[in-house]
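**Student:** My questions all concern the structure below.
The values are calculated or read from the model by the stated rules, or taken from the named source; none is laboratory data. Treat the numbers as computed from the prediction; the structure is a model and nothing was measured. Reconstructed Cβ throughout: ideal geometry from the backbone, glycine too, with neighbour counts over all protein chains shown. When the accessible area is computed, the model is the full protein with side chains, heavy atoms only, and any ligands, DNA or RNA have been set aside. Shrake-Rupley method; radii C 1.70, N 1.55, O 1.52, S 1.80 Å.
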Amino acid sequence: MTFLAHQEVTVGPARVRLEAGPALVGSSRLAAPPFGSVSARTHQGPLAFRATIDDVDVKRLGRLLEGSPGPGGPGGPRFAELEATLGPLEDQARRAATVFLVRIAVLGLAGGLAAVLLFPRRTRRLLLRCGLGGLLATVLLLAPALATYDLTAFREPRYEGALEYAPALIGDVRTGLDRLRTLREEIVRIGRNLDRAYAALANPVGELDGTGTVRVLHVSDMHLNPAGFDLAERLADQFDVAAVVDTGDMGTWGLAREPEVAANIGRFDVPYLFVKGNHDDADMVEAVAANDNARVLDGTSAVVAGIRFFGVADPTFTPGKGYQVEQFEKLKVERSVAVADAVDRQALRPDVVMVHDGRLATYARGHVATVLEGHLHRFGTEVVNGTRTLMTGTTGAGGPDNFRAADPPSADAQVVYFDPETRRPVAVDRITVRLPGSSFSVERILLPEGASPFTPDPIEVPPELRQDPGALPGAARP
C-alpha cells in the first residue's frame, strides 16, 4: 500500500493524483501546487489520504465557474445554474474515490498472494487463505476511516504554502461558517477559492471573501526585530485587518537606541494599539506613542470597528533582574484584581483586555469576553469563566537573543475574527513562519462560544488580595 496506493484521475478540468498511506493520525490533504495545501483531521484510523492537483485547464475552469453565486450567496438562480454544472464533477469525484478504495483493497489481496509466492511450498488453500488475509487486513485498515470520515473537519483547516495565497485558499471565516451547510455548498466555496488562487498567478494579492467579521492582527514580542514588522505589515495587508494589536515587548534590554525600532509602526495604514511589556522602558512607550496611527493603552480604551479594547501596561521592567522573577509574577497576579475592578468601572464594558503577561489578567477573567496576551513566545488558548484567552507567539522570532541559535524559534502572529454582533472572537488563524527556508503555515481554530453574547461570571478573589489590589494609572471612570 505504501508504494502502490496511488492513482491518477480526471475530474472536470483537473488531473488529480490520489494517494493513501500509513499515518499516526487520520487526515486528508488537498494540495494545489504552487499555492500550497489544505489539510484537516477527517477520520479515525492509521491512514492518511492525499489529493494533488497535478494539471488544470485554467481556461476551462474559468468557464465552469462563470456562473458563480453573486453577493446574495447560494440558493439563487445562478447557484442553481452552477449546481447543475458541478453535479457531474461531483459524480466524477465520487466514482474516482470509490475506484481508488477498491484499488487499495485489491492491493491488500495481491499483497497476501505475493507473500505466498515467495515460499517454495505453495498450495491453493494456502494461497486462498493468505490472499483473503491480505484483503481482510486492508479492509480493517479502511473501515475506521470510512466509518468516521467527516468532510466538515475542513471547517478548521491547516494551510501550508506561500503567504500571499493563504487568505484566498482559506477564505473569510464568517463566509465559511455560513456556507459550510451542505457538501455541495462546500464544493462551491472550494471551486471559487481555487479560481481566485489560479488567477493570483498574475496578481498574488487575493481578495478576501466576505465582510461578515472584524479581523484584527495580534502581534507580540517583536524584540527589536525589523523582520517582525515586515511580516506583520504583509499579514495586515493580506488579511485586510481593521487594526493591529501589539501586546508588548517591542524592546529587549532598554538600550538608548532601541526606541528607534518603533518608527516601523508608521508603515501601517490601520490603527496600531499597544500595551507595554516587561522589556519596554518609558522611552520605548514614548516612541510608540509618537506615531500618528498608534494608541498606547494603559488603563484606557480604544474602539476599532465597534470592538472596544482596554489595555493595561506591564508594571515591571525586568532586563537584568532575573533574580526577582517570582516577586514580579506575584505582583502581576495581585495587580490583576485592580484590572478587574477597572474593567467593571468603565461606563461601557470593554470587549477585549490587552496585557503582555497573562498573570496581569488572572482575576479579570470572567469580567470581560476576551483577553489577548503574549510574553511566553508560544500560542495558547483557554476559556475561564466565559473569558476566552488568546495568546500569540513571538512575531520577532525571539529577537537578538535567538539570532545565534542553531534552531531559532518561528515568527508567529494570529488573526482574530470578531463577530460584529456579539463582539467576541468566532475564530483565530495561527500563523507561523519558520526559518531557514521561510516555510509558512496557517492553522484555523473555531471558537464556538463567540456566537453568543458574553455574560460576566467573575472569579472569586481571595480576601488577602482584596485588601490592597493596587491602582491602575488612567483607570478612572470615563
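**Student:** Quick one: in segment 209-260, of everything that is of a type in the set (D, E, K, R), in contact with a helix residue (DSSP H, G or I) (Cβ under 8 Å, 6 or more places away or on another chain) and over 28 Å from R423 (Cβ atoms), which residue is surrounded by the most Cβ atoms within 10 Å (Cβ to Cβ)?
**Tutor:** E258
**Student:** From the list R434, R423, which residue is closer than 23 Å to T300 by Cα, surrounded by 12 or more Cβ atoms within 10 Å (Cβ to Cβ) and either at pLDDT below 90 or over 16 Å from the mean Cα position of the chain (by Cα) (or both)? Give the steps one after another, and end with the answer.
**Tutor:** Numbers: R434 fails: closer than 23 Å to T300 by Cα.
Going through R434, R423 in turn, just one is closer than 23 Å to T300 by Cα, surrounded by 12 or more Cβ atoms within 10 Å (Cβ to Cβ) and either at pLDDT below 90 or over 16 Å from the mean Cα position of the chain (by Cα) (or both): R423.
**Student:** Take Y363 and decide whether it is among the aromatic types (F, W, Y), assigned to a loop (DSSP other than H, G, I, E, B) and buried (at least 21 other Cβ atoms within 10 Å of the Cβ). Reasoning before the result, please.
**Tutor:** Values: among the aromatic types (F, W, Y): yes; assigned to a loop (DSSP other than H, G, I, E, B): yes; buried (at least 21 other Cβ atoms within 10 Å of the Cβ): yes.
Criteria met by Y363.
**Student:** Please go through (1) among the aromatic types (F, W, Y); (2) over 27 Å from A227 (Cβ atoms); (3) open to solvent by 10 Å² or more (accessible area, probe 1.4 Å) for F418 and return the number of the only condition it doesn't satisfy.
**Tutor:** Single failed check for F418: (3).
**Student:** Taking segment 116-162 as the region of interest, how many residues are under 30 Å from A31 (Cα atoms), hydroxyl-bearing (S, T, Y) and open to solvent by less than 90 Å² (accessible area, probe 1.4 Å)?
**Tutor:** Selection size over segment 116-162: 4.
**Student:** Residues of segment 34-55 being at pLDDT below 85 and either assigned to a strand (DSSP E or B) or open to solvent by 70 Å² or more (accessible area, probe 1.4 Å) (or both), which ones? Spell out the reasoning first.
**Tutor:** Taking segment 34-55 as the starting set, the residues that turn out to be at pLDDT below 85 are 34-38, 45, 53-55.
Selection gives P34, G36, S37, V38, I53, D54, D55.
**Student:** Here are A287, A263: which of them is touching a helix residue (DSSP H, G or I) at 6+ places or on another chain (Cβ under 6 Å), modelled with pLDDT of 95 or more, surrounded by fewer than 24 Cβ atoms within 10 Å (Cβ to Cβ) and farther than 18 Å from L360 by Cβ? Outline the logic, then answer.
**Tutor:** On the way: A263 fails: touching a helix residue (DSSP H, G or I) at 6+ places or on another chain (Cβ under 6 Å).
That would be A287, the only listed residue that is touching a helix residue (DSSP H, G or I) at 6+ places or on another chain (Cβ under 6 Å), modelled with pLDDT of 95 or more, surrounded by fewer than 24 Cβ atoms within 10 Å (Cβ to Cβ) and farther than 18 Å from L360 by Cβ.
**Student:** Right, something else. Pick from L273, L297: which is hydrophobic (A, V, I, L, M, F, W, C), touching a residue at least 60 places away in the same chain (Cβ under 8 Å) and closer than 21 Å to T395 by Cβ?
**Tutor:** Numbers: L297 fails: touching a residue at least 60 places away in the same chain (Cβ under 8 Å).
Every option except L273 fails the conditions.
**Student:** Related question: Checking the condition open to solvent by less than 30 Å² (accessible area, probe 1.4 Å) and in contact with a Gly (Cβ under 7 Å, 6 or more places away or on another chain), which residue from G299, G311 passes?
**Tutor:** On the way: G311 fails: in contact with a Gly (Cβ under 7 Å, 6 or more places away or on another chain).
After ruling out the rest, the residue left standing is G299.
**Student:** Kindly evaluate T123 against the criterion of being hydroxyl-bearing (S, T, Y) and at pLDDT 75 or above. Even if it seems obvious, please write down each step before you answer.
**Tutor:** Details: hydroxyl-bearing (S, T, Y): yes; at pLDDT 75 or above: no.
It is false that T123 is hydroxyl-bearing (S, T, Y) and at pLDDT 75 or above.
**Student:** Identify, from the list A305, A342, the residue that is touching a residue at least 40 places away in the same chain (Cβ under 8 Å), open to solvent by less than 40 Å² (accessible area, probe 1.4 Å) and of a type in the set (G, A, S). First the steps, then the outcome.
**Tutor:** Details: A305 fails: open to solvent by less than 40 Å² (accessible area, probe 1.4 Å).
Just one listed residue meets the conditions, A342.
Rundown of residues vs (1) under 30 Å from the mean Cα position of the chain (by Cα); (2) outside any helix (DSSP H, G or I), yes/no style:
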position: D269; (1), (2): yes, yes
position: L273; (1), (2): yes, yes
position: A287; (1), (2): no, no
position: N291; (1), (2): yes, yes
position: R335; (1), (2): no, no
position: V343; (1), (2): yes, no
position: P350; (1), (2): yes, yes
position: V371; (1), (2): yes, yes
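**Student:** Let me ask another. Take the residues of segment 410-420 that are assigned to a strand (DSSP E or B) and in contact with a helix residue (DSSP H, G or I) (Cβ under 8 Å, 6 or more places away or on another chain): which is modelled with the lowest pLDDT?
**Tutor:** Checking each candidate, the answer is A411.
**Student:** Kindly indicate the residue of segment 314-333 that is open to solvent by less than 60 Å² (accessible area, probe 1.4 Å) and outside any helix (DSSP H, G or I) and also nearest to T422 (Cα to Cα) among those meeting that condition.
**Tutor:** Here the answer is D314.
**Student:** Quick one: which of Y198, Y159 is at pLDDT 55 or above, among the aromatic types (F, W, Y) and touching a strand residue (DSSP E or B) at 6+ places or on another chain (Cβ under 7 Å)? Reasoning before the result, please.
**Tutor:** Numbers: Y198 fails: at pLDDT 55 or above.
None of the others qualify; the one that does is Y159.
**Student:** Can you confirm whether E464 is surrounded by fewer than 12 Cβ atoms within 10 Å (Cβ to Cβ), of a type in the set (D, E) and modelled with pLDDT under 90? Outline the logic, then answer.
**Tutor:** Details: surrounded by fewer than 12 Cβ atoms within 10 Å (Cβ to Cβ): yes; of a type in the set (D, E): yes; modelled with pLDDT under 90: yes.
The answer is yes for E464.
**Student:** Can L109 be described as modelled with pLDDT of 70 or more and open to solvent by less than 50 Å² (accessible area, probe 1.4 Å)? Even if it seems obvious, please write down each step before you answer.
**Tutor:** On the way: modelled with pLDDT of 70 or more: yes; open to solvent by less than 50 Å² (accessible area, probe 1.4 Å): no.
No: the conditions fail for L109.
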